[in-house]
Amino acid sequence: MALLTKFTDYRQQSKKEVKEEEKEMSFLDHLEELRWHLFRSVIAIAVCALAVGINIQWIFDNVIYYPLQYEFPTHQFLCQFSSGACEGNILGDLIAIKPTEQFLKSIGISIILGIIVAFPYLIWEVWRFIKPGLHKHERRGMRGNVAIMSLLFFTGICFAYYIILPFAIKFLAAFSISDQVANTWRFGEVISLITQVVIAGGIVFEMPIVVYYLSKLGFVTPEGMKRYRKIAIVVLLVLSAVITPPDVISQVLIFFPLMGLYQLSIAISRRVQRGAEKAELAALEAGE
C-alpha cells in the first residue's frame, strides 16, 4: 500500500513537471505561435473597430466632438471663473474640403478607437506569447502587469482627454495672429489633433512599467535616474512640447504629471534594486 502511494505521488509529480517545463520549440514553431497571437489581436481590433464604425455618428457627436463644446465638464468648470460667454461650440462648424475626407477619417477613428478598446486584450496576448519562456519566479514577478499597464494606459488617455485637450483647444481657438484671419478648422485636422494628444497621453503614462522592466534588466538604476534628473527635466519638457499643441498651458499640464511619473519610476527602480539585492544575498547564504 505504501509502495502504491509512493508510485501515485511520483506520477502526479511527473505530470506536474511535464506541465511546468515547456517543450523547446524550433524557430518555425515560435513564428507559428507568434502568427496566431497576431491573428487573434487583429481580430480583436477588427471586432472593436466594427462596433465603433456601426455607432460612429453617436461616438463622434458624444465623444470626439464633445471637448469642442462648452457643455464639456472641463469647460463648464473653467466657465465658473470666466465672465465670457460659455454656450455652443468653441470652434463653430468644422469643414471638410475633400470628398473622401469624412469617410476616410471615420475609418481611421474606428481603427484607433478599436485599438484603444482592445488594448488590455492586446497586452494579454503579448503576455501569453512571452510567458512560456519565463521562469517561475519571473512569472510571479509579472503577475498583474496586464492590469497595471491597462490602468496606466486608460489613466493617461483620460488625463489627456479631460485636461490637456480642452485647454489646448480653448487656447488655439482663441489665438489669432490678426483680425484678418478667421479660425475655420478642417474636420480632418481636428481629428488628428485629438487622436495625437489622447494616444500620446496613454503612451507616456506607461513610463513606470517601462522603468520597472529596464530596472529588472539592469539598464536603469535609481542612482542613475537621480543623477540625470536635470537632463530628464529637459527631455520631458521637449516631450511635452512634441505631444501637445504649441501652447504653454498644455505643455505645463502634461509636464507636471510626467515629472510625477518620473519620481514614481525612481521609487519603483529602487524597489526592484532592493529586491535583486535581497535575492542575491539569499543565494549567497544558501551557497554557504
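Placing R0 at 41 angstrom, the Cβ-Cβ distance between E189 and A282 gives a FRET efficiency of 0.10 after rounding to 0.05.
Taken along the Cα-to-beta-carbon direction at a fixed 7 Å, the label points for I163 and D29 span 4.8 nm. Among residues other than V190 with Cβ under 13 Å from its Cβ, the summed charge is -1 (Lys and Arg +1, Asp and Glu -1).
Per residue, the accessible area of segment 87-179 comes to 60 Å² when a 1.4 Å probe rolls over the protein heavy atoms. Per atom type, segment 39-131 shows carbon and sulfur on 67% of its accessible surface, probed at 1.4 Å.
The V234 and R270 beta-carbon pair, evaluated with R₀ = 30 Å, returns a calculated FRET efficiency of approximately 0.85.
Modelled this way, with points 7 Å down the Cα-to-C-beta line, the labels at L78 and W58 are 2.9 nm from one another. Remark: spin-label model distance I249-R40 equals 4.6 nm, labels positioned 7 Å along the Cα→Cβ axis. Rounded to the nearest 0.05, the FRET efficiency derived from the C-beta distance between F219 and Q102 at R0 = 41 Å is 0.35.
The values are calculated or read from the model by the stated rules, or taken from the named source; none is laboratory data. Every value quoted in this text rests on a predicted model; they were computed, and no experiment measured them. For neighbour counting, all protein chains shown are included, and Cβ atoms are generated from backbone atoms with ideal geometry for every residue, glycine included. With ligands, DNA and RNA removed, areas are computed over all heavy atoms of the protein, side chains included. Shrake-Rupley method; radii C 1.70, N 1.55, O 1.52, S 1.80 Å.
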